[in-house]
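J.: Here's a structure for you.
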Amino acid sequence: MEKTTDKTTLTYKLAGEREINRIGYGAMQLTGPGIWGDAPDRELAKQVLKTAVESGVNFIDTADAYGPHTNEVLIQEALSPYYNNILIATKGANQRPGPNKWVPNGHPDYIRSCIEGSLKRLKTEQIELWQLHRIDPNIPVEETLGPVADAVDAGKIKYVGLSEVGIEEIERASKVVPIVSVQNLYNLSDRSWEEVVDYTAEHDMAFIPWFPLASGPEKMKDKIESIAGKHDATIAQIALAWLLKRSPNILLIPGTSSLQHLQENLKAGDIELSDEDFEALSK
């Protein structure tokens with residue numbers, strides 16, 4: 001594991017130029033059961049989004065597949081007054097036949113429709129960060145990314161990211177269009193993408209862990225609780241603080257439909273884990 005920085009910096013420059021706060025917000029939970037349908041309480045969902053931004057969050061993660069489509073509409077309705085101050089990252093390439101069902105579709109025509117649909121629902125002329133939600137195993141990634149490169153050239157997309165990819169896939173995609181971020185499953189409990197965290201850091205790409213709040217296997221519980229007690233923090237806050245210290249290119253997108261949990265998550269940036277704490281958690 002790479003050595004951590006001495007002092008945790010809470011901002012990051014995406015693509016070396018777009019400064020954002022490293023504690024963002026993932027909007028996936030603002031949907032119905034199975035990530036299907038609209039938020040059960042739309043007004044509360046809008047309040048959570050507004051509170052996040054008013055509390056300093058300026059990086060919002062969503063996808064056309066959340067709902068599907070309802071999440072982007074909700075974000076537009078809640079956050080359009082803040083558009084000049086925030087970066088909205090969305091994704092495309094996953095079809096949704098039903099609750100908890102996800103089917104990658106990397107056909108260029110479908111990708112083109114994903115981009116146009118997101119632009120329309122978000123009511124924006126440019127998606128600042130568009131991420132390929134999943135690589136379709138049946139279609140070469142070069143073909144899938146063709147319409148994405150066209151959209152970048154046309155000014156409809158500013159930056160491009162990938163999700164659930166290894167180093168070889170990042171390198172293949174980078175030959176088609178510049179890649180500025182990678183969003184993979186990563187947390188205290190599941191560190192199978194360790195090499196990708198280090199690779200993205202070395203190549204000035206953001207690493208955006210999804211499911212960041214998994215705090216580790218049962219055998220780690222006592223250790224985490226001990227460190228949480230020392231910092232007067234929750235287990236979730238320690239899990240987020242560990243990610244912030246792990247690598248300076250990590251951007252957090254914890255999601256919640258609760259105003260209370262939102263505020264708890266945002267306070268993770270106040271926790272400065274010692275190197276000793278970090279190493280103990282990393283074992």
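J.: Take the residues of region 133-144 that are assigned to a loop (DSSP other than H, G, I, E, B) and either at pLDDT below 95 or hydrophobic (A, V, I, L, M, F, W, C) (or both): which is farthest from residue 93 (Cα to Cα)?
T.: Among them, the one singled out is 139.
J.: Still on this model: Looking for something within 23 Å of residue 265 (Cβ to Cβ) and either loosely packed, with under 15 Cβ neighbours inside 10 Å or aliphatic (A, V, I, L, M) (or both) - is there at least one such residue anywhere in region 88-102?
T.: yes
J.: If you go through region 165-200 one residue at a time, how many are in a helix (DSSP H, G or I) and of a type in the set (Phe, Trp, Tyr)?
T.: Qualifying residue count for the region: 1.
Rundown of residues vs (1) closer than 22 Å to residue 269 by Cα; (2) among the aromatic types (Phe, Trp, Tyr); (3) in contact with a strand residue (DSSP E or B) (Cβ under 7 Å, 6 or more places away or on another chain), yes/no style:
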position	(1), (2), (3)
40	no, no, no
43	no, no, no
48	yes, no, no
51	yes, no, no
56	yes, no, yes
78	no, no, no
84	no, no, no
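J.: Evaluate region 249-263: report whether one residue or more is free of Cβ contacts under 8 Å to residues at least 24 places away in the same chain, closer than 16 Å to residue 189 by Cα and more than 15 Å from the chain's Cα centre (by Cα).
T.: There is no residue in region 249-263 that is free of Cβ contacts under 8 Å to residues at least 24 places away in the same chain, closer than 16 Å to residue 189 by Cα and more than 15 Å from the chain's Cα centre (by Cα).
J.: Just name the residue that is nearest to residue 124 (Cα to Cα) out of those in region 145-164 that are of a type outside the set (Gly, Ala, Ser) and assigned to a strand (DSSP E or B).
T.: Top of the filtered list is 157.
J.: Touching a residue at least 60 places away in the same chain (Cβ under 8 Å), of a type outside the set (Ser, Thr, Tyr) and either crowded, with 20+ Cβ neighbours inside 10 Å or outside any loop (DSSP other than H, G, I, E, B) (or both), is that true of residue 229?
T.: No: the conditions fail for residue 229.
The values are calculated or read from the model by the stated rules, or taken from the named source; none is laboratory data. The shown structure was predicted, so the numbers you read here are calculated from the model rather than taken from an experiment. Heads up, the Cβs are rebuilt from the backbone with ideal geometry, glycines too, and the neighbour counts pull from every protein chain shown.
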